[in-house]
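Since the structure comes first, as structure tokens, the remarks are kept for the end.
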Amino acid sequence: MVVTHHDGPSTETDADLIQQASRSPERFAALFDRHYRHIYAYAARRLGVDLAEDVASETFLIAFDRRGGYDAGRPDARPWLYGIASNLIARHGRAETRRYQTLARIGSDELVDGHDDLVAGRIDAGVARGRLARALERLPRAERDVLLLVAWAGLNQQEAAAALDIPAGTARSRLHRARQEMRLALGAGTEGDK
Amino acid sequence: MDEMAILREAFGPEADPPEAARQRARTALLERTQPGRMQARPTVRRRWPLRVGLTAAVAAAAVIGVVTVENLNTVEERGVTRPESRPVVAALPYAHPASATEFLENAAWTAARKSWQTPRPDQFMYKESRSLRNTKALEDRAPNGPLVPGRTRLMKVQRWDRIDGQVSARMDEGKLVVERQGSTLSWVFVPYADLAELTTPEQVLAWEKAPKDVGVDLDALLGQYVLPPAVEAAVFRAIAKGKGVRLNPDAVNIDGRPAVGLGQTIEGYLSQELLFDKETYALIGERLVAIANHKNVGDDGTSYVRKGDVFRQVVYTASRIVDNPGDTK
């Protein structure tokens, strides 16, 4: 299996690096070099850049401490890392809520003929962000985690399920409900998942 | 464009981490991968004017979590070993520690950078502190009571414990008292060689739980022993792994420098806190403070504790290895 989303030309899988780190702990830095930027970006979108720095850093410290329990049958460590990051982000629930509230306020004064513009792909980004931020704030955390792991971290449903250590069916239904809420927020009805 | 695409695009492009942040995180990870194998760096010896107020204002202000220092009883402390603050701050694992865990990681990272030379068995751990205590008359009447504002005294405590555990000394009213293990006097101690091996938090926690001749409280260990940097760092990380460790967000200004308290709740109403320098993350003291009202019912009477009562307040002023009892440098 080819591991994607990696920076650099290395052909070693994440699992290879983690296995090597059991003998040469400094090899874990190669995993850091591959994924730090993405973990940081994900945390920054959810919490802002100040907290993102700490969350991203702690994600790798925790991952290193838990490397012995990593399932070597999973070449791609992204679900594992994003799972750790998700747990850390959950500790900052209030900060995340405040962030969405702020983003919602920024977009709340702008008016747009929602449905038509959305369908045509012409919705103003600020307005869309405001509406989505409000919906994200209201969304139960469990559903928000799955939604954002897919939308912002780029994981698929199965990977999001693995990240959050939940059954694939649970991830699917949470994602379905969360997408429905996003569509409602955008005023685009409740058509099926795409 | 479906809602997922809008969700991706509406919140803008991914943020790139600042290079300094990436470096901090990478350094923290590399430190974690090499416990106990940190490069020693020269430690800057600085003069820290230590000013501890013995006034009512001290204890009273401590009640609300902020100690205002009065310029009384000024004590000058020379040669207190402190981490070099500027480089530490520049590369700390967490630039804005938001939790006890993150703060303790910074403290561990800082501790691990102290210069160190493994002591010989015949050398001594020298620990010096200033302890705020009630007046003697008050202590005799209520030995376990809270500090009473306006009726406190500052006690300088100096102890020397030989690395091999065979000699202990203390300063008693200006006179050095040296005691040796023997047929008439003996005490239990934690073998230093055992402590020196505890270079990971897992080792510290396993050791803490293991049966021993002496009871061990990790907080007290830090206050009573001069530990190798890697061990001190491991103890901080072990404490961070404990349940219920919380960051006291109130600034506690115990001796003129900003401080932060990290504590655990005991008996439901008391907070046992380690105090850290807010800027350098060095351990600078401890205190025991009530965080809730409480009623103690005893056979010999009932007593009431008010939230904010301070029971113990200690500033660490020196911690180093010396050659002889009585030496302070």
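Footprinting exposure proxy ranking of B:ARG237, A:ARG98, A:ARG67, fewest other C-beta atoms within 10 angstrom first, gives A:ARG98, A:ARG67, B:ARG237. With a cut-off of 12 Å between beta carbons, the residues surrounding A:GLN101 carry a summed charge of +4, where Lys and Arg count +1 and Asp and Glu -1. What the pair-distance distribution of region A:29-70 shows, using all Cα-Cα distances binned every 10 Å from zero, is 32, 50, 18, 0 percent.
The residues A:ILE18, B:ILE291, A:ILE106, when put in order of fewest to most other Cβ atoms within 10 Å, stand as A:ILE106, B:ILE291, A:ILE18.
Reducing region B:210-226 and region B:146-209 to their Cα centroids gives an inter-centroid distance of 9 Å. Using the beta-carbon distance between A:ARG94 and A:ASP33 and R0 = 41 Å, what value does 1/(1 + (r/R0)^6) give for FRET efficiency, to the nearest 0.05? Efficiency, from the Cβ-Cβ distance: 0.80.
Among B:TRP109, B:TRP187, a tally of other beta-carbon atoms within 10 Å of each Cβ gives an order, fewest to most, of B:TRP187, B:TRP109.
Taking Lys and Arg as +1 and Asp and Glu as -1, the other residues whose beta-carbon sits under 11 Å from that of B:TRP207 total -2. Protection proxy ranking, highest mean first, for peptides B:132-138, B:214-220, A:28-34, B:147-153: A:28-34, B:147-153, B:132-138, B:214-220, where packing is the per-residue count of other beta-carbon atoms within 10 Å, averaged.
Past 20 Å, Cα to Cα, is the threshold; run B:LYS127/B:LYS175; B:LYS136/B:LYS156; B:LYS127/B:LYS307; B:LYS209/B:LYS243; B:LYS127/B:LYS329; B:LYS243/B:LYS307 against it and keep the listed order. As for pairs spanning more than 20 Å Cα to Cα, those are B:LYS127/B:LYS307; B:LYS243/B:LYS307. As a calculated quantity, the FRET efficiency between B:ASN293 and B:GLU139 at R0 = 22 Å, using C-beta atoms, amounts to about 0.40.
No value in this document is a laboratory result; all are computed from the given coordinates. Predicted, not measured: the structure shown is a model, and the values here were computed from it. Positions of Cβ are backbone-derived with ideal geometry, glycine not excepted, and every protein chain shown enters the neighbour counts.
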